[in-house]
Amino acid sequence: MMSTLLNSLIPAPRSMKICLRYSHHRAVESAKGKYAHMLFNELFEDYSNALRPVEDTDKVLNVTLQITLSQIKDMDERNQILTAYLWIRQSWYDAYLKWDKDKYDGLDSIRIPSNLVWRPDIVLYNKADDDFSEPVNTNVVLRYDGKITWDAPAITKSSCVVDVSYFPFDSQQCNLTFGSWTYNGNQVDIINSLDSGDLSDFVEDVEWEIHGMPAVKNVITYGCCSEPYPDVTFTLILKRKSSFYIFNLLLPCILISFLAPLGFYLPADSGEKVSLGVTVLLALTVFQLMVAEIMPPSENVPLIGKYYIATMTMITASTALTIIIMNVHHCGSEAKPVPQWARVVILDYMSKIFFVYDVGENCTSPQREKEQEHKLEGDDVCPGGDKEVRSQLSNRNDDSDVKEKLNGNLNKSCGVHGEDSRENVNCCSCYKMLIKNIEYIANCVRDHKANRAKGIEWKKVAKVMDRFFMWIFFIMVFFMSVLIIGKAA
């Protein structure tokens with residue numbers, strides 16, 4: 001019983017070690033906190049953060065600058081402003097903030113508010129923000145040798161010259177120029193910590209790819225002052241991810257563009273040829289306005305804008321040609337005959353090249369439809385007439401044969417029935433009247449066929465021209481699409 005009580009009062013060896021270690025850690029922390037307060041009071045007793053911390057005023061104070069790009073928040077192409085989230089690290093040596101760490105129990109660094117120490121007035125030269133507020137008042141790390149490291153986050157809005165000539169396959173270069181606002185190069189010198197900006201913590205952007213952020217130091221002498229002013233320029237190289245614009249702006253335009261040549265394939269009697277061209281033109285106008293809203297108002301027309309303008313010009317030309325071809329198609333009997341050169345070039349050669357057949361004829365059954373057409377023509381001219389007369393009138397070269405047959409029948413009738421003079425006279429008069437009527441009908445049929453043949457020839461000319469321009473515009477749209485896609489490669 002006594003032994004159990006003693007064991008409960010005496011802690012285990014492991015528990016004792018943990019308790020001793022925790023007690024020692026707290027003692028060390030309290031000791032460091034004591035020395036830190038003592039050090040802080042001694043350092044800032046006579047310290048002023050208003051003056052440059054150098055023992056010799058002729059000595060240059062070197063400031064090391066490092067920029068870490070964390071995120072691209074926005075790229076406003078229309079206003080040419082880049083909004084980025086940066087981590088800015090500045091480090092320098094303060095000649096009046098040094099101590100012997102052995103006198104302060106090995107305390108080698110302390111963290112204090114940044115507004116207590118002198119800070120270089122390094123600003124973003126090409127800032128495009130209306131807010132001119134002070135930097136974020138974060139703590140600085142002060143080392144025993146006087147080195148001060150100041151890490152501060154910043155959301156910067158900088159001016160960026162945006163070149164949209166190859167939009168949406170463009171690349172942009174935006175400069176971030178940092179330098180002292182009041183100190184010249186003989187007082188404060190800026191040194192690059194790295195040859196480029198740090199991109200290790202960059203959050204991937206949905207629209208832009210980062211291809212580098214090189215840093216270059218410049219020393220510039222301005223016209224107002226004779227002293228040199230150094231600055232560090234970080235060039236942010238951006239490449240646009242064009243997938244969004246390809247699927248939402250470019251592909252719809254290409255598909256709509258291929259509808260324009262199909263307007264030539266529509267039958268002229270459908271009445272929708274001009275309507276199709278106007279509809280396609282209005283659709284492209286809507287896309288053109290969408291691109292104009294996001295682009296800056298500059299002299300450089302973007303690549304997709306040029307494609308839209310070229311396509312709209314092509315569709316306007318196709319609509320105008322469609323109107324002209326429709327006028328050719330509807331040439332009737334009042335029109336002049338097809339010229340000989342058009343008959344040879346268009347009707348003989350081009351119709352074979354573009355596989356254009358006569359109106360009412362196709363490649364499967366041309367002969368049957370021709371026979372039906374001739375039958376309908378005969379029924380329209382002489383409905384209900386004698387079959388023999390219709391068959392004789394169907395051929396233009398048989399008019400004289402019909403007339404000779406009728407004259408022979410007339411003479412024969414008059415000779416056989418000469419004994420009945422009254423009947424012979426009446427019979428001869430009927431035959432003469434019949435001959436005149438048949439001659440009139442034959443002339444009407446001849447004129448009708450001539451006029452119809454003339455209209456058919458003009459319709460075939462219009463159809464050949466439709467096919468010709470359809471392939472021409474198809475080739476134009478194809479090469480334009482290949483050209484704009486080639487720019488993306």
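The values are calculated or read from the model by the stated rules, or taken from the named source; none is laboratory data. None of the values given here were measured: they were computed from a predicted structure. Cβ placement follows ideal geometry from the backbone for every residue including glycine, while neighbour counts extend to all protein chains displayed. Heavy atoms of the whole protein, side chains included, go into the accessibility calculation; ligands, DNA and RNA do not. Shrake-Rupley method; radii C 1.70, N 1.55, O 1.52, S 1.80 Å.
Data for the structure
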{"item": "At 0.890 mPa s and 25 °C, Stokes D of the stretch 48-148 from Kirkwood alpha-carbon radius, µm² per second", "result": "152 µm²/s"}
{"item": "With every protein chain in place, the stretch 238-345: carbon and sulfur % of accessible area (1.4 Å)", "result": "71 percent"}
{"item": "The stretch 280-327, Rg to Rh (Cα coordinates; Rh as Kirkwood inverse mean 1/r)", "result": "1.12"}
{"item": "Cα gyration tensor shape of the stretch 220-363, rounded if a/c is under 1.5, else prolate or oblate by comparing a/b with b/c", "result": "prolate"}
{"item": "Spin-label model distance (nm) - residue 59 vs residue 73, 7 Å beyond Cα toward Cβ", "result": "3.9 nm"}
{"item": "Stokes-Einstein D (µm²/s) once Rh is taken as the Kirkwood radius of the stretch 33-240 over alpha-carbon pairs, at 10 °C in 1.306 mPa s", "result": "84 µm²/s"}
{"item": "For the stretch 242-265 and the stretch 161-189, distance of Cα centres in Å", "result": "38 Å"}
{"item": "Debye-sum result for the stretch 158-223 in log10 I(q)/I(0), which assumes one identical scatterer on each alpha carbon, at q = 0.19, 0.24, 0.29 Å⁻¹", "result": "-0.96, -1.22, -1.43"}
{"item": "Förster radius 35 Å - calculated FRET efficiency between residue 294 and residue 218 (Cβ-Cβ, nearest 0.05)", "result": "0.60"}
{"item": "Inter-label distance for residue 430 and residue 269, nm, one decimal - labels placed 7 Å from Cα along Cα-to-Cβ", "result": "4.2 nm"}
{"item": "When each of 239/306; 34/103; 306/487 is checked by Cα-Cα distance, pairs over 19 Å", "result": "239/306"}
{"item": "With all protein chains modelled, accessible area of residue 211 [1.4 Å, Å²]", "result": "110 Å²"}
{"item": "Solvent accessible area, Å² - residue 239, 1.4 Å probe, full protein context", "result": "50 Å²"}
{"item": "Calculated on alpha-carbon atoms, Rg and Dmax of the stretch 226-288 in Å", "result": "23.5, 82"}
{"item": "Which of 469, 244 is most accessible, then next, and so on - probe 1.4 Å", "result": "244, 469"}
{"item": "Gain upon complete extension [residue 478, residue 313; 0.36 nm per residue less C-alpha separation]", "result": "57.9 nm"}
